[in-house]
1. Quick one, can you get me the convex hull of the C-alpha atoms of the stretch 60-209 expressed as volume per residue in Å³?
2. What does the convex hull of the Cα atoms of the stretch 109-152 come to per residue, in Å³, rounded to a whole number?
3. Across all directions of projection, what mean area in square nanometres is found for the Cα convex hull of the chain?
4. On each of the three principal axes of the Cα atoms of the stretch 192-289, give max minus min coordinate, whole Å, ordered largest first.
5. Any idea how far apart R175 and L200 come out in nm if each label point goes 7 Å out from Cα toward Cβ?
6. Heavy atoms only, probe 1.4 angstrom, no DNA, RNA or ligands counted: give me C188, C120, C226 ranked by accessible area, highest first.
7. In straight Cα distance, which lysines are under 30 Å from K302, not counting same-chain residues fewer than 8 positions off?
8. Label the stretch 177-240 by shape, choosing from rounded, prolate and oblate, from the square roots a ≥ b ≥ c of the eigenvalues of the Cα gyration tensor; if a/c is under 1.5 it is rounded, and otherwise prolate applies when a/b is larger than b/c, oblate when it is not.
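The values are calculated or read from the model by the stated rules, or taken from the named source; none is laboratory data. Fair warning: this is a prediction, and the values are worked out from it, not measured in the lab. Neighbour counts run over all protein chains shown; Cβ positions are idealised from the backbone, glycine included. Heads up: the accessible areas ignore ligands, DNA and RNA and are worked out on the full protein's heavy atoms, side chains in. Shrake-Rupley method; radii C 1.70, N 1.55, O 1.52, S 1.80 Å.
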Amino acid sequence: MRNINDKTIRILISKTLKEHKMYLRADTSSDFHMNMRELDNTLTFIREQRKNSLDLITKYFNKESSLAYLSIVTIGALSLAINQQDVHKGPLPEDWASDNKFNPNEILSNLFVQITNYLCSVITLVENGLDSAARLILRPLFELISIALIISESNEQMIKYREGINEKTSTSVWRDNFRIKHLNERLCQLESKLGLPSHLVQYFCKFRSESYRFYSSISHGAYYSCQLGSYAFPFEKDKDYKLGLFGMGSFASYGTLNHLNELNYYFLLMIVSVFNKIHNFKAKTDNELWRMVISLRECVIKTNILIKEIQENGNDFTRNIT
């Protein structure tokens with residue numbers, strides 16, 4: 001399979017390379033000349049390198065990537081479940097935001113679609129050996145999850161969020177209501193409202209602040225993150241760092257996947273609590289989508305807890321679950 005398949009593009013490239021070959025004939029120090037075959041071979045190498053990256057991630061981070069995929073399916077199903085309209089009432093009353101001009105469940109559903117697709121992007125980039133690019137997506141993913149939790153709890157915040165109807169108003173809405181300082185403060189308030197112990201609220205607040213600073217250094221092209229991010233970290237101690245050009249599996253993805261799973265765990269733990277405790281919502285168990293969401297969410301939460309216990313104790317995974 002060739003990456004450059006368009007016939008017209010291939011003809012133009014070939015013609016240009018042949019013309020350039022004639023131009024370079026005056027230089028006799030090298031017999032190498034770029035041609036279409038060499039270009040195809042380079043692209044084949046890139047595909048093979050990405051396949052090798054997937055093999056490495058599967059070999060070393062199978063638990064972490066499996067957890068990520070479980071959360072992707074769960075949040076994707078949740079995006080469908082909350083906006084079934086005539087089939088099943090959503091968790092938020094249709095008149096919740098003081099008017100009937102929009103459906104709050106549809107707004108949340110679309111946010112969850114975006115969250116799900118961002119999750120897919122992160123895991124796909126990690127599997128292709130593009131860890132720095134994957135980490136870059138963690139920042140907007142973090143913001144989306146925070147916004148989804150806040151507007152699902154507060155109709156005032158949802159109304160403000162809905163005011164971002166174009167580029168200009170979206171910027172002002174974000175600046176005045178949804179900057180990281182605002183998000184962190186409101187999430188701390190929400191966590192306390194839901195009954196989380198104060199030490200957990202403080203832990204989550206600190207975790208969000210530190211994580212956001214880390215994500216920002218990557219998105220802003222900071223020197224240290226750019227230099228380190230250009231290399232693939234070895235999976236074994238006696239191996240050397242390698243230039244990660246075109247993508248290469250990296251041990252650094254362990255941190256990326258763990259951050260991803262922390263976000264997923266936190267989101268699924270919180271969002272259903274908001275529906276249940278703030279809105280007194282109880283999903284009907286005869287609804288297939290909600291049965292799917294409830295069952296899978298339980299899997300995400302219990303599996304994450306068990307994996308953390310196993311990692312802390314250093315015990316064999318299989319022995320702890322049999």
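1. 144 Å³
2. 45 Å³
3. Details: hull surface 95.0 nm².
Averaged projected hull area, Cα only: 23.7 nm².
4. Reported extents, whole Å, longest axis first: 54, 34, 26.
5. Calculated label separation equals 3.8 nm.
6. Sorted descending by solvent-accessible area, the residues read C226, C120, C188.
7. Straight-distance partners of K302: K59, K63, K89, K193, K206, K277, K282, K284.
8. Numbers: a/c = 5.20, a/b = 1.97, b/c = 2.64.
Oblate, because a/c is 1.5 or more while a/b does not exceed b/c.
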